[in-house]
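Presented below is the structure to which this report refers.
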Amino acid sequence: MGTGQTPHAWFAGFLRNEDAPYAFVVLVENGGGGNAVAGTVAGKVLNVIVNGY
């Protein structure tokens, strides 16, 4: 991260679900807060993976 840039947003976790046993990591470069940015991305992607479109 260079001077004056926003920190990267990281979010990692796993699903405790026998039908969808996934672990994941989301990184948004210069995204700011992890939960607010990368957590939202993770939630949207996991929703599609588990529930479909």
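The values are calculated or read from the model by the stated rules, or taken from the named source; none is laboratory data. None of these values were measured; they are calculated from a predicted model. Glycine gets a Cβ as well: all are built from the backbone with ideal geometry, and neighbour counts include every protein chain shown. Protein only, heavy atoms only, side chains kept; ligands, DNA and RNA dropped before computing areas. Shrake-Rupley method; radii C 1.70, N 1.55, O 1.52, S 1.80 Å.
Specify the residue that is modelled with the lowest pLDDT; the eligible residues are those in the range 13-27 that are among the hydrophobic types (A, V, I, L, M, F, W, C) and exposed (fewer than 13 other Cβ atoms within 10 Å of the Cβ). Break it down into steps so the answer makes sense when it comes.
Taking the range 13-27 and keeping what is among the hydrophobic types (A, V, I, L, M, F, W, C), we get 14-15, 20, 23-27.
After this cut, where a residue has to be exposed (fewer than 13 other Cβ atoms within 10 Å of the Cβ) as well, the list is 14, 20, 23, 25.
Numbers: Phe14: 95, Ala20: 88, Ala23: 95, Val25: 96.
Ranking the qualifying residues of the range 13-27, first place goes to Ala20.
Which condition from (1) assigned to a loop (DSSP other than H, G, I, E, B); (2) of a type in the set (D, E, K, R); (3) within 11 Å of the chain's Cα centre (by Cα) is the one that Lys44 breaks?
Answer for Lys44: the failing condition is (1).
Can you name every residue in the range 1-12 that is free of Cβ contacts under 8 Å to residues at least 24 places away in the same chain and open to solvent by 90 Å² or more (accessible area, probe 1.4 Å)?
Taking the range 1-12 first, the residues free of Cβ contacts under 8 Å to residues at least 24 places away in the same chain are 2-4, 8, 12.
Thr3, the sole residue that qualifies.
Can you tell which of Asn30, Asn51, Asn47 is exposed (fewer than 10 other Cβ atoms within 10 Å of the Cβ) and not hydroxyl-bearing (Ser, Thr, Tyr)? Reasoning before the result, please.
Details: Asn30 fails: exposed (fewer than 10 other Cβ atoms within 10 Å of the Cβ); Asn47 fails: exposed (fewer than 10 other Cβ atoms within 10 Å of the Cβ).
The conditions single out Asn51.
Of all residues being out of contact with any strand residue (DSSP E or B) (no Cβ under 7 Å at 6 or more places or on another chain) and outside any loop (DSSP other than H, G, I, E, B) in the range 28-41, which is modelled with the lowest pLDDT? Just the residue, please.
Step one: filter the range 28-41 for residues out of contact with any strand residue (DSSP E or B) (no Cβ under 7 Å at 6 or more places or on another chain), giving 29-30, 36, 40.
Filter once more, keeping what is outside any loop (DSSP other than H, G, I, E, B): 36, 40.
Details: Ala36: 87, Thr40: 93.
Looking at residues that are out of contact with any strand residue (DSSP E or B) (no Cβ under 7 Å at 6 or more places or on another chain) and outside any loop (DSSP other than H, G, I, E, B), I get Ala36.
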